[in-house]
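Colleague: Just dropping this structure here.
The values are calculated or read from the model by the stated rules, or taken from the named source; none is laboratory data. Given the structure is predicted, the values throughout are model-derived calculations rather than measurements. Backbone-built Cβ (ideal geometry, glycine too); neighbour counts: all protein chains shown. The protein model used for the area step is the full one, side chains on, heavy atoms only, and it has no ligands, DNA or RNA in it. Shrake-Rupley method; radii C 1.70, N 1.55, O 1.52, S 1.80 Å.
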Amino acid sequence: MEKQNLEAYRHTAAHVMAQAVKRVYSDVKLGIGPAIEEGFYYDFDLEERINPEDLKRIEEEMQKIIKEDLPLEKEILTKEEAYKLLKEEKEDYKLELLEELEPEEEVSIYKQGDFFDLCKGPHLESTGQLKAFKLLSIAGAYWRGDEKNKMLQRIYGTAFPNKKELKQYLFRLEEAKKRDHRKIGKELDLFSMHEEGPGFPFLHPSGVAIWNELTRYWRELHRANGYQEIRTPLILNEDLWHQSGHWDNYRENMYFTRIDEDNYAIRPMNCPGGVLIYKSRPHSYREFPMRITELGLVHRHELSGVLHGLLRVRSFHIDDAHIYMLPDQITEEVLGVIHLAEEIYNTFGLKYRLELSTRPEKSMGSDEDWDRAEKALAAALEKRGLPYQLNEGDGAFYGPKIDFHIEDCLGRSWQLGTIQLDFQLPQRFDLTYVGADGQEHRPVLLHRALFGALERFLGIIIEHFAGAFPTWLAPVQVRFIPIGENHVEYSQKLSRELEKEGIRAEVDDRDEKVGYKIRQAQKEKIPYMLAIGDREMESEEVSIRHRQKGEAGQMDFSRFKGQILKEVREREIESFLEKE
RNA sequence: GCCGGCGUAGCUCAAUUGGCAGAGCGGCUGAAUCGUAAUCAGCAGGUUGGGGGUUCGAUUCCCUCCGUCGGCUCCA
């Protein structure tokens with residue numbers, strides 16, 4: 001089914017659901033009920049609480065409506081007529097929507113049996129054409145998405161042209177849940193969360209092994225691209241945050257503390273600390289562009305309801321960088337950052353989407369500065385011919401930004417990298433450089449992150465690889481499986497040889513059967529399992545088993561060593577076995 | 001923060017209408033010495049998320065707090 005038709009199909013399902021809800025409950029007021037990416041929802045205002053068990057009742061009622069095969073009839077009304085009708089039905093929310101239409105505009109409503117809805121359409125011709133649907137969940141949702149408004153009850157559902165496709169979709173959902181990073185994180189012993197620190201992740205040894213590979217890669221890449229790394233404190237005097245503007249614009253997300261008689265803040269961002277280093281000595285235009293990175297830990301007080309495994313936490317490491325530069329270096333630097341971002345995401349095989357966000361309501365600086373910054377970012381994107389989505393009013397309080405977004409296993413979108421222009425901090429901290437003319441000037445400042453938050457990035461790649469990390473990232477890269485106890489010592493010798501080369505290898509020397517050890521290594525998603533028995537000791541070969549490919553035959557140990565070292569060094573996503 | 005669901009052993013989950021809290025996996029001990037996804041036996045393991053209430057008696061019913069899950073809002 002084409003996208004447009006599917007939308008009409010699901011939108012009709014939303015209407016049928018609304019009709020069913022109105023039949024099952026009394027005193028229901030309708031909010032909005034659109035088709036969405038993977039289904040539809042409808043918002044309702046009613047006293048009674050809809051329970052998960054009630055979904056069945058509503059679904060049954062929907063079945064009846066489908067069986068009744070009610071035609072959907074479009075009627076064009078004047079605004080006045082529509083107003084009268086909605087007033088009679090006490091559809092207060094629909095009335096609010098109606099008010100916003102142009103006075104002379106005509107309005108369409110869609111009717112099916114005793115149900116009607118203010119709606120542009122299009123729809124199916126009749127409710128009988130709905131073949132497969134399912135109600136999935138209930139959630140609270142503020143009217144018009146504004147937390148000052150009343151919270152309505154939203155029912156999410158999905159609908160497909162036939163039962164088979166619906167079944168496939170539900171199966172896909174189940175499969176996706178299996179790669180949830182919270183589940184895999186527990187299974188592979190990568191990280192944990194504790195009541196004692198909601199939103200503050202704990203990384204276990206295996207998680208740190210991955211972390212260290214990520215940061216090693218990150219440092220190599222930045223060194224090669226002209227960045228210098230710094231480190232600044234987590235806690236700084238509150239005055240600094242007044243000066244930076246965070247106190248005015250970001251206070252509710254910050255944690256505060258006292259040292260002796262003074263007020264201090266735990267940093268929610270790295271920039272002010274970095275700025276102090278910049279200010280520690282005078283600078284010349286000849287140093288520009290000056291690319292300074294900091295893998296900085298920040299703490300932000302996020303609302304309790306939004307915490308989500310590693311993807312949304314209260315303390316995280318930003319792979320920050322601040323680039324100080326001349327105004328005419330902006331485009332080139334932005335392009336350079338975009339290029340780096342692409343390199344990183346390609347290394348992991350991640351697909352992303354770009355967004356450009358402009359000035360928000362709560363922000364500082366002049367319109368001219370904002371305008372200039374927004375145009376500079378857009379220019380860079382257009383120069384590269386990159387498609388992007390424009391988010392009006394979604395920028396940071398100090399400047400507009402380009403964001404890199406990625407989807408998790410359930411299709412939820414998360415921001416990774418970001419590029420933000422900032423004309424504010426240089427002013428607020430009176431940053432200067434000496435130009436070719438011998439005079440002091442104001443540098444342009446660009447903030448950027450590529451992983452975004454390392455914690456989030458880790459969560460994303462856990463889901464992306466479903467725990468089966470490329471060899472260079474795998475916490476354990478090789479596990480030796482001695483067949484019997486007289487093969488243990490030889491296995492240990494080989495293992496040490498790999499370990500000397502930096503490979504994370506280990507020997508399963510437990511007194512267990514081979515099948516048992518293999519099963520365990522498979523479950524741990526270790527890339528290479530090497531079985532060692534009499535045959536191998538004799539021939540100086542290893543029997544390779546790969547987690548995805550299964551048994552892969554024999555190979556000289558020295559050859560295996562060379563291959564895995566190459567695979568790791570080149571940070572390959574695929575095993576060298578796939579390339580043979 | 002708001003709306004709704006959930007919280008039982010390290011993990012996954014049981015426990016009839018309120019009546020002594022149980023299984024598998026994992027762990028420990030012992031036996032078996034084994035060639036590509038689970039060898040067998042025994043043992044240990046719990047203030048049923050915390051606090052309060054109703055009751056002769058609460059894992060079960062009520063209140064409250066915490067955490068967590070799905071959304072909303074907000075952001076890397």
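Colleague: What is region A:478-579 by shape, rounded, prolate or oblate, if you read a ≥ b ≥ c off the alpha carbon gyration tensor as root eigenvalues and call it rounded for a/c under 1.5, prolate for a/b larger than b/c, and oblate otherwise?
Modeller: Since a/c reaches 1.5 and a/b is larger than b/c, the shape of region A:478-579 is classed as prolate.
Colleague: Let me ask something else about it. With label points built 7 Å along Cα→Cβ from the Cα atoms of A:M151 and A:S413, find their separation and express it in nm.
Modeller: Distance between the two pseudo-spin positions: 2.5 nm.
Colleague: Test of the criteria: in region A:86-160, which trypsin sites (Lys or Arg not before Pro) are in a DSSP loop and have at most 16 other Cβ atoms within 10 angstrom of their Cβ?
Modeller: A:K90, A:K120, A:K131, A:K148, A:K150
Colleague: Any idea what the relative contact order of region A:3-178 is, in percent, if you count C-alpha pairs under 8 Å spaced at least 6 apart?
Modeller: Answer for region A:3-178 is 27 percent.
Colleague: Next up: Which length gain, in nm to one decimal place, applies between A:T432 and A:K523 when the Cα-Cα distance is subtracted from 0.36 nm times their residue separation?
Modeller: Going from the current span to full extension adds 27.1 nm.
Colleague: Given an 8 Å cut-off on Cα distances and at least 6 residues of separation, report the relative contact order of region A:478-579 as a percent.
Modeller: 25
Colleague: By how many nm would the segment from A:N263 to A:E572 lengthen if fully extended, with 0.36 nm per residue of separation less the alpha-carbon distance?
Modeller: 106.4 nm
Colleague: If each residue of separation counts as 0.36 nm, what is the full-extension length gain between A:R281 and A:R372 once their alpha-carbon separation is subtracted?
Modeller: 29.9 nm
Colleague: Mind jotting down a quarter of the surface of the convex hull over the alpha carbons of region A:124-275, in square nanometres, one decimal?
Modeller: 17.0
Colleague: What is the local net charge at A:D430, summed over the other residues whose Cβ is closer than 9 Å to its Cβ (Lys, Arg +1; Asp, Glu -1)?
Modeller: Local charge sum for A:D430: +3.
Colleague: Once Rh is set to the Kirkwood radius over Cα pairs, what Stokes-Einstein translational diffusion coefficient, in µm²/s, holds for chain A at a temperature of 4 °C and a viscosity of 1.567 mPa s?
Modeller: Estimated via Stokes-Einstein, D reaches 46 µm²/s.
Colleague: Per 5 Å bin from zero, what fraction in whole % of the C-alpha pairs of region A:407-517 is there, up to the bin with the longest pair?
Modeller: 2, 9, 11, 10, 10, 9, 8, 8, 8, 7, 5, 4, 4, 3, 1, 0
Colleague: Between A:L297 and A:E485, what is the label-point separation in nm under the 7 Å Cα-to-beta-carbon projection?
Modeller: Here the modelled spin labels are 4.5 nm apart.
Colleague: Kindly provide the trypsin sites (Lys or Arg not before Pro) of region A:383-434 that DSSP labels as loop, not H, G, I, E or B, and whose Cβ sees at most 11 other Cβ atoms within 10 Å.
Modeller: Hits after loop and neighbour filter: A:R412.
Colleague: Moving on to the next point. With a 1.4 Å probe and all protein chains left in place, how much of the accessible area of chain A comes from carbon and sulfur atoms, in whole percent?
Modeller: 47
Colleague: Taking the inverse of the average 1/r across all pairs of different Cα atoms in region A:198-280, what Kirkwood radius in Å do you get?
Modeller: 15.3
Colleague: Using helices alone, what [θ] at 222 nm do you get for chain A, with -39,500 (n - 2.57) per DSSP H run of 4 or more residues, divided over all residues and rounded to the nearest 500?
Modeller: -11500 deg cm²/dmol
Colleague: Can you sort A:C409, A:C271 by solvent-accessible area, 1.4 Å probe, largest first?
Modeller: I get A:C409, A:C271, largest accessible area first.
Colleague: Also, I was wondering about something else. Looking at A:V568, A:I230, A:L55, which one has the Cα that reaches farthest to the positive end of the dipole of chain A (charges on Cβ: Lys, Arg +1; Asp, Glu -1)?
Modeller: A:V568
Colleague: To the nearest 0.05, what FRET efficiency results for A:D92 and A:N51 with a Förster distance of 22 Å applied to their C-beta separation?
Modeller: For A:D92 and A:N51, the calculated efficiency is 0.35.
Colleague: OK, next. How many angstrom lie between the C-alpha centres of region A:157-215 and region A:240-278?
Modeller: 34
Colleague: Tell me, how many Å apart are the Cα centres for region A:425-473 and for region A:356-417?
Modeller: Computed from Cα coordinates, the inter-centre distance equals 15 Å.
Colleague: Sorted by mean Cβ packing within 10 Å, highest first, what order do the peptides A:523-530, A:179-186 take?
Modeller: A:523-530, A:179-186
Colleague: Pop out the Kirkwood hydrodynamic radius of region A:25-178 from its pairwise C-alpha distances, inverse of mean 1/r, in Å to one decimal.
Modeller: 17.1
Colleague: Per residue, how large is the accessible surface of region A:442-560? Use a 1.4 angstrom probe and give square angstrom.
Modeller: Per residue, region A:442-560 has an accessible area of 43 Å².
Colleague: Determine the relative contact order of chain A: mean sequence separation of Cα pairs under 8 Å and six or more apart, normalised by residue count, in whole percent.
Modeller: Worked out over chain A, it gives 10 percent.
Colleague: Filter the GluC sites (Glu not before Pro) in region A:27-74 down to the DSSP loop ones having no more than 13 other Cβ atoms within 10 Å, then list what survives.
Modeller: When the GluC sites (Glu not before Pro) of region A:27-74 are filtered for loop state and at most 13 Cβ neighbours within 10 Å, A:E37, A:E47, A:E48, A:E53 remain.
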